[in-house]
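First, the structure itself, so that you have it in front of you.
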C-alpha cells in the first residue's frame, strides 16, 4: 500500500530544502510566484518582478533573458510547475512555505504591491465589488488578507 501522506511530506521537505538553499534572488522569484497564486506567463511575471526592484545574483535588475533562464531552471528543479497548456506557477507544496518566508523576511508587502499594480482585480463601475475571473484570483486576495492578518480586508471581498 502507498502512503500518500508520507510521500507528500517527503516531497514538501525536499522542495523546502532546495528552496532554502537557493540564492535570495531566486527565493524572491519563488515568493512572487507564491503570492500570485496562479499560472503566469514569463512576460507578465517579468513586469511584476521589475516592479519589486528585485536584483539578480549579480545585483543587477532582472532582464527577460536571465529571468527566463532562471524560471526554466526552477521548473527543472521542481520548485515551479507547469502543465503543457499553461504558464509556470509555484509548486503547490511550496506555496505556503515561500509566502511565509516572504512575510518573515519583510518582502511580502513589496510583492503584494507589485501584484496589485501589475495584476489588479477588476472592480465594478461603482467600486463596491470586485470581479474575479477565476477562483484562484479570489483565493489570492483571501491569502493576502490572511497573511496581513487583516480580516476586514477579507470581509470586504465580495464574491
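Read-outs: derived from the displayed coordinates by stated rules, not from any lab. What you see is a predicted model, and the numbers here were worked out from it, not measured in a lab. Ideal geometry is used to build each Cβ from the backbone, glycine not excepted, and the neighbour counts take in all protein chains shown.
Can you give the extra length, in nm with one decimal, that the chain gains between residue 117 and residue 139 once fully stretched, where that is 0.36 nm per residue apart less the Cα-Cα distance?
Separation in residues times 0.36 nm, less the Cα-Cα distance, equals 6.2 nm.
Using 0.36 nm per residue of separation minus the Cα-Cα distance, give me the extension gain between residue 55 and residue 150 in nm, one decimal.
My answer for the length gained is 31.3 nm.
Here's something else I'd like to know. Could you work out how far apart the two model spin labels at residue 82 and residue 104 are, taking each label as a point 7 Å from the Cα in the direction of the beta carbon, and quote it in nm?
2.9
Using helices alone, I'd like the mean residue ellipticity at 222 nm for the chain: each DSSP H run of four-plus residues gives -39500 (n - 2.57), total over residue count, nearest 500.
Here the helix-only value at 222 nm equals -19000 deg cm²/dmol.
Next question, about the same structure. I need to check one value: relative contact order of the stretch 3-159, counting alpha carbon pairs closer than 8 Å and at least 6 residues apart, in percent.
Here the relative contact order equals 26 percent.
Please compute the modelled spin-label separation between residue 44 and residue 68, points set 7 Å along Cα→Cβ, answer in nm with one decimal.
1.8
Could you state the number of Å between the C-alpha centres of the stretch 29-57 and the stretch 71-94?
13
Ranked by Cβ crowding within 10 angstrom, fewest neighbours first, how are 155, 103 ordered?
155, 103
Could you put 147, 37 in order, starting from the residue whose Cβ has the fewest other Cβ atoms within 10 Å?
147, 37
Another question, if that's okay. Rounded to the nearest 0.05, what FRET efficiency is calculated for residue 21 and residue 75 with R0 set to 22 Å and r the Cβ-Cβ distance?
0.85
Contour minus end-to-end for residue 96 and residue 12, with contour as 0.36 nm per residue of separation and end-to-end as the Cα-Cα distance?
Between residue 96 and residue 12, full extension yields an extra 29.2 nm.
Compactness ratio of the chain: Cα Rg over 2.2 N^0.38 Å, N = residue count?
After normalising by residue count via 2.2 N^0.38 Å, the value is 1.07.
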